[in-house]
Amino acid sequence: QVQLVESGGDLVQPGGSLTLSCAASGNIFSRYNLGWHRQVPGKLRELVASITGERTTYYIDSVKGRFTIAASSDGNAGFLQMNNLKPEDSGVYYCNAIHSGHWGQGTQVTVSS
């Protein structure tokens, strides 16, 4: 049974940094692309960043140049480095093995002074 467990969410001031981690199993990110998604109340969950097995990355425009996505070589961990955080980055962040049906439980990121 594959499990994805996020960690690293916190309350941080604007301009601060956080690193989110996603612990996985079954080398899942060697078989599926890694995605980090964000959900805020009243809005649909959106894909913030993704990375393929070939290390091709995607970012939504609002986080380009500030966020960096990575996956471990063994496919059992994913990361999202978030710098220069803004209040609009707040939300629950979920890691996902895209198209696998596997999601983590989410970790809360709050950017506020």
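The values are calculated or read from the model by the stated rules, or taken from the named source; none is laboratory data. All figures in this text were calculated on a predicted structure; none of them were measured in a lab. For neighbour counting, all protein chains shown are included, and Cβ atoms are generated from backbone atoms with ideal geometry for every residue, glycine included. The area values use the complete protein model at the heavy-atom level, side chains included, leaving out ligands, DNA and RNA. Shrake-Rupley method; radii C 1.70, N 1.55, O 1.52, S 1.80 Å.
Quick look at the values:
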quantity: Test: residue in region 14-26 that is modelled with pLDDT of 95 or more, part of a loop (DSSP other than H, G, I, E, B) and among the β-branched types (Val, Ile, Thr); calculated: no
quantity: Residue ID - least open to solvent (accessible area, probe 1.4 Å), chosen from residues in region 1-37 that are among the β-branched types (Val, Ile, Thr) and more than 19 Å from residue 62 (Cβ to Cβ); calculated: 28
quantity: Of all residues in region 40-57 being open to solvent by less than 60 Å² (accessible area, probe 1.4 Å) and under 12 Å from the mean Cα position of the chain (by Cα), the one that is farthest from residue 112 (Cα to Cα); calculated: 51
